[in-house]
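Before any comments, here is the structure.
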Amino acid sequence: MKDYLQIANNKIFFFCGAIMITFIVLQSLLFFRLAYNEGLKLGLTKAKMLRAFRTGAISTIVPTVAVIVALITMVPVLGVPIPWIRLSVIGSAPYELMAAGIGAKAMGVDSLGGAGYNSQVFSASVWIMCIGSVWSVSLVAFLLKRIKKGYAKNITADPKWRTVLMNAAFLGVFCIFIADPITKGGLPLVTLLCGASIMTVLALIIVKLKQNWLKEFALALSMIGAMACTALFSYLF
């Protein structure tokens, strides 16, 4: 069953990953340089810009932990290079796990790495992960100007429309992720309830105690806390 991991960890995938990561690093450095030069034109001091850069770098540490945990979770099933590439480019651990799971179920396997998970199922998982995310990138690449024009027109006509649209989009995404745990029950449901409880507590702290700095870390902390609670629950029961 695990023979497919020889394919998943093939050197060609590592080579492709190295190329993509190099491109991402170079792109980040280019954006940093452009932002830095634009800041100088606007009259910002070098010390202020470097302080903003340091703050941004520090604020990404905790959210990155959740992605690293997801990477560690995916590696035993999907190998090293594919999760490494996907999470480096897309960066959405919930999507990658969900898409890979859909690919497995489409091939008649109940879970990632479960009985019957072979090279064909692995291929289906990877295809679903890639095809499912290519559409959003394509829409932005080819229809961004038209989308922005329509968006600006609706916002001007009805300012409340933006809030309704954003909330509806977020709720739609959340419903996709919570449907499976609710119907399955067990540990997935425990994880969902623990994550929701932790996020609720953090939201109350942010709103009631005015701890706005927690906004950047709330999602990562709730994910890590939910995983810890699930591990404890499975150990005790």
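Quick notes on this one:
- Between 0 and 90°, nearest 10: helix 218-236 axis offset from the chain longest Cα axis: 20 degrees
- HN-Hα J in Hz across segment 70-78 - Karplus 6.51, -1.76, 1.60, θ = phi - 60°, x for Gly and Pro: 5, 4, 4, 5, 7, 4, x, 9, 10
- On Cα atoms only, tilt of 11-41 relative to the major axis of the chain in degrees: 10 degrees
- Given their separation in residues at 0.36 nm each and the Cα-Cα distance between them, L236 and K145 gain 27.3 nm when the chain is fully extended.
- Between helix 93-106 and the chain: long-axis angle, C-alpha atoms, 0 to 90°, nearest 10: 30 degrees
- If you wrap the tightest convex hull around every Cα atom of segment 117-161 and split its volume per residue, you get 64 Å³.
- Sequence-ordered 3J(HN,Hα) estimates for segment 200-208 from the Karplus curve with 6.51, -1.76 and 1.60 and θ = phi - 60° stand at 5, 4, 5, 5, 5, 5, 5, 7, 6 Hz, glycine and proline given as x.
- For segment 1-54, with +1 on Lys and Arg beta carbons and -1 on Asp and Glu, the positive-most of A18, F31, I7 along the dipole: F31
- Placing unit charges on the Cβ atoms only, positive for Lys and Arg and negative for Asp and Glu, gives segment 1-132 a dipole magnitude near 680 debye about its Cα centre.
- Solvent-accessible heavy-atom area per residue, rounded to whole Å², over segment 111-217 at 1.4 Å: 73 Å²
- Listed peptides 123-133, 7-17 by packing density, highest first (mean Cβ within 10 Å): 123-133, 7-17
- Applying the Karplus relation 6.51 cos²θ - 1.76 cosθ + 1.60 with θ = phi - 60° to segment 121-131 yields 3J(HN,Hα) values of 5, 4, 4, 4, 4, 5, 4, 5, 4, 7, 5 Hz, where x marks Gly and Pro.
- Estimated distance in nm for a label pair at D110 and N212, the labels positioned 7 Å out from Cα along Cα-to-Cβ: 4.9 nm
- Label-point separation, T73 to A52 (7 Å along Cα→Cβ), nm: 3.5 nm
- If you plug the beta carbon distance of L171 and F32 into 1/(1 + (r/R0)^6) with R0 = 30 Å, you get a FRET efficiency near 0.30.
- Gyration tensor verdict on segment 123-188 (Cα atoms; rounded if a/c is under 1.5, prolate if a/b is larger than b/c, oblate otherwise): oblate
- Measuring between their Cα centroids, segment 197-237 and segment 139-169 lie 31 Å from each other.
- Evaluated with a Cβ-only charge set (Lys, Arg +1; Asp, Glu -1), the chain carries a dipole of roughly 1200 debye about its Cα centre, given to the nearest 20.
- Helix-only CD estimate at 222 nm, as mean residue ellipticity for the chain, using -39500 (n - 2.57) per DSSP H run (n ≥ 4): -28500 deg cm²/dmol
- A simple packing score, the average count of other Cβ atoms within 10 Å per residue, orders the peptides 79-87, 193-201 as 79-87, 193-201, with the highest score first.
The values are calculated or read from the model by the stated rules, or taken from the named source; none is laboratory data. In this text, all values refer to a predicted model and were calculated from it rather than measured experimentally. Backbone-built Cβ (ideal geometry, glycine too); neighbour counts: all protein chains shown. These area figures cover heavy atoms from the full protein model, side chains too; ligands, DNA and RNA do not enter into them. Shrake-Rupley method; radii C 1.70, N 1.55, O 1.52, S 1.80 Å.
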